[in-house]
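Structure record follows, encoded as structure tokens.
The values are calculated or read from the model by the stated rules, or taken from the named source; none is laboratory data. The structure displayed is predicted, hence computed values, not measured ones. All Cβ positions, even for glycine, are placed from backbone atoms using ideal geometry, and neighbour counts span all protein chains on display.
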RNA sequence: GCUGAAGUGGUGGAAUUGGUAGACACGUUGGACUUAAAAUCCAAUGAACAGUAAUGUUCGUGCGGGUUCAAGUCCCGCCUUCAGUACCA
């Protein structure tokens with residue numbers, strides 16, 4: 001029988017909870033270490049074995065650092081605003097807060113069973129008013145801020161107002177978007193309050209604007225770009241369409257450059273940084289203006305290849321471009337209108353599946369080339385996107401493949417401007433080693449030279465200038481949902497006003513229904529009390545709205561990423577009623593030292609959080625701009641789904657081996673009904689879902705064998721493995737070690753219990769080593785040299801592995817050590833003590849028990865981490881490859897303690913060496929740094 | 001298409017970063033204990049060939065080349081898988 005893990009685990013979990021063992025002292029004179037997991041959304045399905053992978057790894061580091069003498073902050077909490085609880089509320093009428101509370105309770109039970117060392121006194125929940133009060137506060141801060149490009153930081157809006165009073169919008173061009181109105185100081189002074197407010201909205205870091213958004217009719221809400229996957233909503237897979245709406249946005253684009261440049265210095269995984277770089281998508285080039293024939297208008301295009309300006313043969317505008325209607329000639333009008341209507345109808349999804357399709361229409365208008373004054377036809381094509389650059393391109397068919405295809409398709413001219421390059425078949429897109437030709441003053445220049453020269457000439461002419469564009473869009477911040485943070489804003493004559501800071505939190509009101517209202521307003525429109533009384537400074541009934549002192553409140557709520565963009569600071573000082581975190585706490589903990597989470601958050605949470613941190617840093621509210629020193633992406637644990645195979649239109653299921661060449665429909669079955677050998681438990685199946693009771697099964701070798709496929713773990717695929725079941729059968733320590741043993745932490749892998757007995761055996765063996773029957777049995781004698789060697793080798797290896805985050809190999813190191821100690825029959829106290837502390841981060845319960853059997857109190861605070869003794873680490877011999885006259889012949893074991901002369905002797909003394917030497921005396925023996933012994937005869 | 005990661009036994013995965021490939025574990029086979037089973041312990045286990053045997057030889061890290069005394073590791077060219085992204089001018 002194995003060791004009594006159930007008793008032990010229960011005993012210590014109770015002990016830790018009662019003694020508040022993991023509560024963190026602050027401040028402390030110890031060095032700090034902050035290790036954090038991305039907090040979970042508490043879903044109704046509970047935790048599956050995939051969730052804890054990262055938590056176990058971070059818990060191991062946290063426990064290790066504690067033993068190493070660090071003051072470790074290792075908190076946990078819940079990202080508890082979210083769509084599923086709201087959808088459940090819509091279906092059942094149960095308040096999302098109740099659903100959330102229930103789910104959190106379940107999560108907590110599951111987490112506690114795995115023996116995590118979280119300091120629960122610092123728990124945060126994003127849906128708790130005492131928490132989202134500060135989310136709202138940061139929103140207000142962003143509202144009262146603008147980005148000063150000259151100082152390259154965010155500043156208070158008062159500084160902008162001062163500027164406007166003195167200079168108007170002069171010198172602010174670089175700060176704002178192209179469509180920002182301009183004014184003089186005088187004009188500013190003459191504006192009324194509302195007009196001023198509207199102008200300021202063009203500068204505020206969170207602002208209200210008419211934006212084209214991803215509208216999901218099925219969910220009744222707006223989705224962020226990263227919540228839309230392949231044209232359908234990430235959650236639920238509903239279709240998404242483009243729609244213009246008045247929305248709150250966050251001016252993340254102001255930080256595009258800093259977000260990009262900041263990446264270089266960060267210790268985050270390179271693939272993740274690359275994803276963020278692509279997402280920000282910086283392109284350097286220039287804007288070029290083209291005068292329209294017979295018009296005052298100029299069309300501005302963005303290009304990354306100004307050097308190819310002489311290769312332009314036509315212009316293409318996006319169908320949504322604002323001047324399309326104005327430009328189109330009467331003859332072309334019908335055709336153009338039809339094209340615009342048709343492309344507006346095409347969904348994102350269709351656009352994507354028809355990438356190859358070339359479509360477009362001529363407007364009838366012409367532009368003039370800024371240098372040659374040639375007439376260039378203006379076309380419309382949906383390969384040009386309204387939302388990127390200026391929504392217009394200069395088409396250079398010889399240098400861009402899409403322009404080339406478009407030109408070929410519509411028989412437009414193609415002009416070659418590259419020396420010695422054939423552009424009859426395809427465009428020449430390479431920049432390097434290309435010489436510009438046929439381009440007047442640019443002839444003979446390279447890409448770089450030509451680019452610089454063209455931009456200079458265009459700038460002198462006033463027809464263009466160097467420009468940079470980003471793919472990164474401002475983030476839409478409004479959601480038409482109930483279960484989110486209320487936006488602390490009310491409206492006077494449609495102009496947004498902040499709810500005063502001292503009145504926060506602005507708490508979520510009760511509503512009669514969680515659906516949008518009949519007239520399409522968000523769910524908060526259903527609230528009876530949702531108006532702001534500016535006299536009393538409180539929420540009052542909607543009926544009292546008089547637009548004099550009582551005004552309507554904002555009905556949108558914040559998106560899911562709002563609360564998760566700053567939560568790591570709240571853990572530092574979770575109970576503080578006066579600040580999001582106190583100064584003392586912020587200056588002590590500073591930033592997260594190690595952050596663990598999935599790479600799926602690369603362009604969402606991790607980018608938005610960086611944005612907010614830069615902003616808070618600009619306002620001197622946090623000590624560092626970078627919130628996480630080191631980041632590790634743990635790989636996802638996938639499920640191994642099981643399938644039965646049904647013959648269509650029957651209740652007959654074929655065992656996997658019988659399906660060959662037959663038309664069968666795979667049907668998911670619950671993985672808990674399947675053995676490790678893929679045999680289906682048919683009786684269990686019939687009990688699981690009664691409609692299988694009259695099914696027929698065609699067996700092979702009297703067994704029904706299921707098919708397997710690796711998929712994401714999900715309730716609907718019946719492939720979820722609950723960690724509780726593993727804890728029941730093997731214990732939490734085994735689960736913890738097995739999840740680490742599965743492979744490198746960063747790697748995605750399917751969950752498979754095939755190997756778990758190996759880890760379980762190891763813990764039992766380790767236990768038995770120090771037990772005689774049921775009795776604890778250690779020897780106080782001095783351990784043998786071999787045992788000490790085993791011990792110190794293991795200390796060194798495991799310590800290195802934890803530092804390098806190679807936790808799978810450290811589990812192996814423990815297994816090797818236990819095997820060696822077993823064969824040495826070593827049960828010495830002096831071995832067990834350090835080994836227990838070494839193993840404690842991985843298997844805390846069994847180690848606490850052994851530690852107390854050794855006669856000590858809880859190891860968490862009393863034990864210090866062992867240090868390897870180098871005396872026991874040296875091997876007696878080292879193996880060197882030996883080469884003769886530069887040719888390697890064989891490997892020779894040499895004592896490490898030998899001097900250079902002695903090495904020669906050792907070489908000479910070896911039989912095989914002698915036979916190679918063939919009686920000759922070596923001229924010299926060279927020991928080179930890479931451990932090769934060279935013998936020159 | 002672009003960007004990134006990865007391809008090693010029947011399986012999960014090691015390999016001190018250029019130096020005995022396959023650690024550790026699962027699985028499999030054989031053995032011990034047992035009336036029996038479970039549990040536990042011991043041994044073998046990349047492939048092929050030769051040998052009664054100890055052992056020896058050859059081949060082996062997706063494919064094809066290259067550098068080197070020496071390549072899973074470095075270089076060049078391919079193939080495959082996974083992830084992100086996509087008419088981004």
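Points worth noting:
- The range A:545-610 holds no helices (runs of 4 or more DSSP H) entirely within its bounds that carry 2 or more residues that are within 16 Å of RNA strand B (Cβ to nearest atom).
- Among the candidates A:622, A:664, residue that is over 30 Å from residue A:745 (Cα atoms), without any contact (Cβ under 8 Å) to a residue 24 or more places away in the chain and buried (at least 16 other Cβ atoms within 10 Å of the Cβ): A:664
- Any hit, the range A:253-263, residues being out of contact with any helix residue (DSSP H, G or I) (no Cβ under 6 Å at 6 or more places or on another chain), buried (at least 17 other Cβ atoms within 10 Å of the Cβ) and not in a helix (DSSP H, G or I): no
- Residue in the range A:207-219 that is surrounded by 18 or more Cβ atoms within 10 Å (Cβ to Cβ), within 16 Å of RNA strand B (Cβ to nearest atom) and modelled with pLDDT under 75 present: yes
- Number of positions in the range A:825-877 that are outside any loop (DSSP other than H, G, I, E, B) and at pLDDT below 90: 8
- As a summary of the residue check, residue A:711 satisfies the conditions (1) in contact (Cβ under 8 Å) with a residue 60 or more places away in the chain; (2) surrounded by 15 or more Cβ atoms within 10 Å (Cβ to Cβ); (3) within 21 Å of residue A:45 (Cα to Cα) except for the one numbered (2).
- Listed by position, the helices (runs of 4 or more DSSP H) contained in the range A:84-198 that have at least 3 residues being within 29 Å of the chain's Cα centre (by Cα) and buried (at least 16 other Cβ atoms within 10 Å of the Cβ) are A:96-113, A:129-143.
- Residue check, residue A:32 surrounded by fewer than 20 Cβ atoms within 10 Å (Cβ to Cβ), touching a residue at least 40 places away in the same chain (Cβ under 8 Å), closer than 30 Å to residue A:584 by Cα and in contact with a helix residue (DSSP H, G or I) (Cβ under 7 Å, 6 or more places away or on another chain): yes
- On inspection, residue A:434 passes the criterion of being within 16 Å of RNA strand B (Cβ to nearest atom), surrounded by 14 or more Cβ atoms within 10 Å (Cβ to Cβ) and at pLDDT below 90.
- Residue tally, condition assigned to a loop (DSSP other than H, G, I, E, B), in contact with a helix residue (DSSP H, G or I) (Cβ under 8 Å, 6 or more places away or on another chain) and more than 10 Å from residue A:643 (Cα to Cα), over the range A:696-717: 1
- Criterion (in contact with a strand residue (DSSP E or B) (Cβ under 6 Å, 6 or more places away or on another chain), surrounded by fewer than 15 Cβ atoms within 10 Å (Cβ to Cβ) and not in a loop (DSSP other than H, G, I, E, B)) met by exactly one of A:449, A:459: A:459
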